[in-house]
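Q: After the structure tokens below, expect a handful of questions from me.
Derivation of every value follows stated rules applied to the coordinates shown; laboratory data play no part. Keep in mind that this is a model prediction, so the values were computed, not measured. Because the Cβ atoms are built from the backbone with ideal geometry, glycine has one as well, and the counts that use them run over all protein chains shown.
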């Protein structure tokens, strides 16, 4: 399957690509993390983009799936994607702490999913908004 | 589909791929992913929760979750306990280690 990054024409960025660039880790740790994320994305691709637990999981109330990778002891990176025809579209990525308790934190995380849902709808309306995953 | 966005900078994963360590790290990640999937499927086949497997192997549920997600390297002693509880056989190890190369996606261009 082909893999692409969703491109947002208002923000003028690919949110996943932008996130991957912005990860703050030492060179070696970032290299390891990117290798792991790349392998997980490819694992999903060879399984035709279907959610394949435990590597990718479906989400309640949304039409996209998530791939999880641990950034550090307390933080997991979530990469949200969906399958469009024969293409895996990487929609958004964000960091989620293992333990969060406040309503503010909960709302911030929920907002990521809602934003991703907007990206999903925008891509469906304009499937040319993408960049190739190389 | 046509790639219409030419002005965006290079793919960070494509950049990382140029580093000579990337292939080795990809191989390690691929082995962790395959091991995680194997543990997950064997655990379900044994009708065990992550909590139950953690108790049986004297580790934590969080560790089992991380192992299944391919996020962490497993200690040999933990692996021995897990394979005993889940009854790993030759076919399990074959699926994990007979494919030591990184996972490749046969990308097709539309």
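Q: Please go through region B:32-49 and give me each residue that is surrounded by 19 or more Cβ atoms within 10 Å (Cβ to Cβ) and more than 8 Å from every other protein chain (Cβ to nearest Cβ), ordered by number.
A: If the condition is that a residue be surrounded by 19 or more Cβ atoms within 10 Å (Cβ to Cβ) and more than 8 Å from every other protein chain (Cβ to nearest Cβ), then B:34, B:35, B:38, B:39, B:42, B:43 are the ones that fit.
Q: State which residue is nearest to the other protein chains (Cβ to nearest Cβ) when the search covers only region A:54-75 and only residues that are surrounded by 14 or more Cβ atoms within 10 Å (Cβ to Cβ) and assigned to a loop (DSSP other than H, G, I, E, B).
A: Of everything passing the filter in region A:54-75, A:54 is nearest to the other protein chains (Cβ to nearest Cβ).
Q: Right, next: In region A:14-31, which residues are surrounded by 14 or more Cβ atoms within 10 Å (Cβ to Cβ), out of contact with any strand residue (DSSP E or B) (no Cβ under 6 Å at 6 or more places or on another chain) and farther than 19 Å from residue A:96 by Cα?
A: Across region A:14-31, the qualifying residue is only A:31.
Q: Tally the residues that are touching a strand residue (DSSP E or B) at 6+ places or on another chain (Cβ under 7 Å) and either under 15 Å from residue B:14 (Cα atoms) or in contact (Cβ under 8 Å) with a residue 60 or more places away in the chain (or both), restricting the search to region A:41-76.
A: Of the residues in that region, 1 qualify.
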